[in-house]
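Working notes, beginning with the structure itself.
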Amino acid sequence: MPDDSESHKILWKRHENRPDNYVSPSFLKSLRTNDNFRPYTYWPLVLLACALTQHLATIFIFVSVFVRLKENYLNPRILVWTSVGCFLTGYLFWELLDRTGLSHEHRRANRVKALKSSILIFLALMSLSPVLRTLTAATSSDSIWALSATLFALNALLADYSSLSPFNAVNRLTSVLSMNAAISASVVLASRLANDVAVFALILFSVQAFALFPRLRHRLGVSSCPPVFQVAFTLILSCLSIIVTMPLSRTVTWIYSAVQFGVTFLAPAVLVWAQKFKNEIRGPWDVAIPKVN
Amino acid sequence: MQPISIAMVTDFFHPAVGGVENHVYMLSAYLIRRGHKVIVITHSHSPDRVGVRWLAPSLKVYYIPFVPIASSATLPDFFTFLPYLRTILIREHIHLIHAHASLSALGHEAILHSHLLGVRTVFTDHSLFGFDDAASILTNKLLAATLKNIDAVICVSHTGRENTVLRGELFENYDGETTLRKSVYVIPNTLVPERFEPDPPKPSDTITIVVLSRLAYRKGIDLLVATAPRICAKFPNVRLVIGGDGPKLIDLLQMRENHLLQDRIELLGPIRQNDVRSVLTKGSIYLNTSLTESFGIAILEAACAGLYVVSTRVGGVPEILPEDMISFANPNADDVFRAVEEAVQIVSEGRHDPFRAHERVKAFYDWDQVAERTENVYDDVIKSPQMELWERIQRTMQLGRFAGPIYTIMLIVDCLFFLFLEWLMPREDMDFVRANWDRDTFQELARKTGKTD
């Protein structure tokens with residue numbers, strides 16, 4: 001026998017003296033608001049925002065490296081060696097993270113694959129750099145700056161900052177688009193450089209910064225390494241980006257530092273504040289989530 | 001109640017098929033039977049459903065030349081419908097419009113315009129919506145704006161009413177106390193029981209489970225895919241007959257292939273409305289795995305055809321049948337399997353009598369009663385005082401800091417557009433509809449033509 005509150009909610013039997021607009025006392029009793037709502041707290045959000053800060057720092061480091069190459073302040077050979085050094089350090093980190101998860105054979109196969117593809121990319125970039133240098137050489141510099149700025153903005157917007165899915169083997173479409181935008185930006189920028197070695201160095205660096213580094217960052221974010229690493233890493237990167245931008249333009253540095261600060265500290269604060277407007281409504285009308293084992 | 005002229009306005013009508021389409025047609029037919037004049041206004045279905053058509057019991061249908069954008073709904077643009085609607089409402093001497101379905105742009109627009117002609121408004125909501133995705137947020141705001149100045153709202157189930165009330169913000173402030181508006185009614189959907197007579201049971205050990213549904217995610221086909229092999233493995237005498245079409249068909253085909261169940265699971269493909277009964281009577285258990293359902297007319301049809309029903313406990317489904325005619329399951333594969341087990345037991349022990357079930361459904365639901373209850377709503381609306389423009393503007397402004405001014409501007413522009421139309425197409429020049437079909441003329445003519453044949 002259904003209890004009284006349920007008996008109001010039947011359609012097959014009609015109460016004779018009850019109009020159709022009768023509102024039973026059980027009306028909206030099954031409504032639940034903010035049911036499984038877990039409020040964010042400030043510091044974990046700051047930690048999550050580190051991924052964004054790191055990405056912005058990478059873009060600024062890349063741009064200042066480009067300016068130095070263009071103005072001949074930086075020897076492209078040094079950049080090539082730095083890239084190789086970065087790659088080896090990054091790969092070491094990757095290996096350390098891999099040690100916990102995968103079997104020995106699997107890791108070995110991965111290593112061979114990584115070696116093969118890195119040699120391939122190295123050679124391909126080397127042979128393509130004369131082509132890349134002249135690819136957009138006929139386009140005026142103004143267009144190149146505008147285009148690369150747009151592409152970098154696109155890259156920052158679409159990048160994958162999440163640290164949720166631990167074994168996300170397949171890249172999401174947006175993160176692939178983001179990587180492509182950044183590589184295209186560096187290709188168009190490369191046409192402003194004077195010689196082939198510089199082009200090669202720049203593109204190699206962009207592959208490091210925009211294709212490999214985000215994967216490592218994602219990996220660091222989802223792995224259970226202590227947050228100290230994350231914080232230290234972010235701090236190093238953003239300081240480095242500010243230091244390398246400072247000699248080029250003071251105004252840009254100030255604006256950039258303000259953005260960094262805003263993204264890392266203010267934006268999480270705004271999100272925490274905005275949570276008081278949260279009003280999640282749940283009830284029997286929601287689409288059920290099927291549990292299939 | 002005095003006979004009145006009613007215009008049903010919706011994007012979803014014959015020749016499209018579906019729950020809303022059928023409901024509008026049946027309601028119109030039964031209102032005509034009660035002496036009212038009913039017309040339907042919907043969008044055209046090119047190439048051949050255009051202009052004005054008559055459907056069987058003297059129901060006039062206006063097909064407005066609008067192009068549907070997605071799943072048979074037109075683009076909401078708020079103004080372009082007014083010239084058509086004004087002409088039709090004036091020509092047909094309409095007293096009241098009844099809009100159906102919350103995703104029908106024509107319905108929303110008609111509610112916005114009709115006060116210009118002093119026509120009263122009723123709206124029926126047929127479906128449930130969530131609150132947390134972008135599409136729902138937008139359409140809910142649209143609904144709230146439309147329902148701000150409506151005279152009455154009808155929902156098809158109690159759960160549906162709770163949902164509509166929250167989505168459409170149908171609360172009033174009386175002396176600082178927020179209460180539900182008086183004009184929100186619950187009138188269930190219904191069916192014609194005579195069309196779903198059960199077949200006499202066939203003497204056979206096989207128990208057939210029937211599934212009739214659009215094969216889409218919202219209908220819970222994933223649950224079906226997960227449980228069907230288990231059911232077949234547990235009961236060697238059970239067969240499944242699945243009717244319907246949709247994106248999840250491929251999953252079902254794969255499941256059948258993987259478990260080598262080609263001789264146990266029959267996939268019928270799309271089923272026409274006229275063949276529903278013949279499919280239903282093939283079986284003795286009806287399985288519904290929907291994840292959301294505002295009323296669940298398909299369940300009722302199955303129960304009426306004498307099938308024992310197994311359904312997920314979602315939306316308005318628990319309201320429509322007494323507990324002893326239906327087994328409920330939570331939306332997970334294990335529980336659906338448990339409920340099917342229970343149902344197979346009940347049916348194989350002969351504890352479910354199809355004819356008794358049919359008689360019971362017949363006693364619960366019938367169209368005459370629904371038409372009468374709807375008529376009572378119309379009566380309440382006609383007797384209630386109509387809102388003035390100033391009150392409308394004030395109520396529209398309550399919609400919110402951004403939405404309020406936007407909709408108020410639309411309301412005022414709509415009035416100006418109406419004045420322009422009054423000047424451009426004066427009422428005096430209009431052709432009014434004077435002749436109309438009624439039941440007696442229709443029958444007499446039918447008799448006459450029968451004689452000449």
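The values are calculated or read from the model by the stated rules, or taken from the named source; none is laboratory data. A quick note: this is a predicted structure, and the numbers were derived from the prediction, not measured. Ideal geometry is used to build each Cβ from the backbone, glycine not excepted, and the neighbour counts take in all protein chains shown. The protein model used for the area step is the full one, side chains on, heavy atoms only, and it has no ligands, DNA or RNA in it. Shrake-Rupley method; radii C 1.70, N 1.55, O 1.52, S 1.80 Å.
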Can you send over the carbon and sulfur percentage of the accessible area for chain B, probe radius 1.4 Å, protein chains only? 55 percent
Note on the stretch A:25-107: alpha-carbon gyration tensor, axes a ≥ b ≥ c; rule is a/c under 1.5 for rounded, else prolate if a/b larger than b/c, else oblate; result oblate
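Which residues make up the longest stretch of chain A that has no GluC sites (Glu not before Pro) in a DSSP loop with at most 14 other Cβ atoms within 10 Å?
Values: sites that count: A:16, A:71, A:280.
The segment A:72-279 is the longest one with no such site.
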Any of A:291/B:219; B:182/B:362; B:37/B:60 with alpha carbons more than 20 Å apart? Name them for me. B:182/B:362
Give the dimensionless ratio obtained when the Cα radius of gyration of the protein assembly as shown is divided by 2.2 N^0.38 Å. 1.23
The stretch B:228-280: C-alpha gyration tensor shape, a/c 1.5 cut-off, then a/b vs b/c: oblate
On complex formation of A with B, accessible surface lost, both sides summed, probe 1.4 Å, nearest 100 Å², amounts to 3000 Å²
Cut-off under 5 Å, modelled amide H: who pairs with residue B:96 long-range: B:5, B:7, B:120
Please list log₁₀ I(q)/I(0) at q = 0.09 Å⁻¹ for the stretch A:1-145, using the Debye equation with identical point scatterers on the alpha-carbon positions. -0.63
The stretch B:51-123: spread of alpha-carbon positions along the three principal axes, whole Å, largest first, is 31, 30, 21
Would you mind telling me which residue in A:108, A:32, A:192 has the biggest mean-square fluctuation in a Gaussian network model of chain A, where springs connect alpha carbons within a distance under 10 angstrom? A:32
Starting from the alpha-carbon convex hull of the stretch B:116-200, give the projected area averaged over all orientations, in nm². 9.2 nm²
Spelling it out for residue B:308: with amide H atoms placed in the peptide plane at 1.01 Å from N, the residues 5 or more places away or on another chain with amide H under 5 Å from its amide H are B:285, B:286
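Is it possible to state the helix-based mean residue ellipticity at 222 nm for chain A, with each DSSP H run of 4+ residues giving -39500 (n - 2.57), the sum divided by total residues, to the nearest 500 deg cm²/dmol? What is it? Provide the component values of the computation, followed by the final result.
Working: 11 runs with 187 residues, N = 293.
One gets -21500 deg cm²/dmol as the mean residue ellipticity at 222 nm.
Starting from the Cα coordinates of chain B, work out the convex hull volume and express it per residue in Å³.
Numbers: hull volume 80.5 nm³, N = 453.
Cα convex hull per residue, to the nearest whole number: 178 Å³.
Assign one of three labels to chain A, namely rounded, prolate or oblate, based on the Cα gyration tensor with a ≥ b ≥ c the square roots of its eigenvalues; rounded applies when a/c is under 1.5, prolate when it is not and a/b is larger than b/c, and oblate otherwise. Don't skip to the end; give the middle numbers.
Details: a/c = 2.62, a/b = 2.17, b/c = 1.21.
It comes out prolate by the Cα gyration axes.
Which trypsin sites (Lys or Arg not before Pro) in the stretch A:244-293 pass both tests, a DSSP loop state and at most 15 other beta-carbon atoms within 10 Å?
Working: sites: A:250, A:276, A:278, A:282, A:291; in loops: A:278.
In loop regions of the stretch A:244-293 (DSSP not H, G, I, E or B), the sparsely surrounded trypsin sites (Lys or Arg not before Pro) are A:278.
Give me the Kirkwood hydrodynamic radius of the stretch B:1-160, using the inverse of the mean 1/r over all pairs of distinct Cα atoms, in Å to one decimal. Present the calculation step by step, with values, prior to reporting the outcome.
Details: mean 1/r = 0.0631 Å⁻¹.
Final number for the Kirkwood radius of the stretch B:1-160 is 15.8 Å.
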Take the Cα radius of gyration of the stretch A:177-239 and divide it by 2.2 N^0.38 Å, with N its residue count; two decimals is plenty. 1.39
Given a 10 angstrom Cα cut-off, can you work out which residue in A:106, A:218, A:55 is the most mobile in a GNM of chain A? A:106
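Other chains' Cβ within 10 Å of B:159-166 residues: what's the mean?
Working: counts 6, 1, 6, 10, 6, 1, 4, 5.
For peptide B:159-166, the averaged partner shielding equals 5.
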Dividing the convex hull volume of the Cα atoms of the stretch B:339-424 by its residue count, what figure in Å³ per residue is obtained? 246 Å³
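Once you average over the residues of B:307-315, how many Cβ atoms of partner chains fall within 10 Å of each Cβ?
On the way: counts 0, 0, 0, 0, 0, 2, 2, 5, 6.
The shielding value for this peptide is 2.
Skip the ligands, DNA and RNA, and give the accessible area per residue of chain A with a 1.4 Å probe, whole Å². Show your work: numbers first, answer last.
Values: 17640 Å² over 293 residues.
That works out to 60 Å² for each residue.
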Taking every pair of alpha-carbon atoms in the stretch B:193-364, give the share separated by more than 29 Å as a whole percent. 10 percent
Given Cα pairs under 8 Å that are at least 6 residues apart, what percent is the relative contact order of the stretch B:193-364? 27 percent
Please give the calculated 222 nm ellipticity per residue for chain B, where each DSSP H segment of at least 4 residues contributes -39500 (n - 2.57) and the sum is spread over every residue; nearest 500 deg cm²/dmol? -13000 deg cm²/dmol
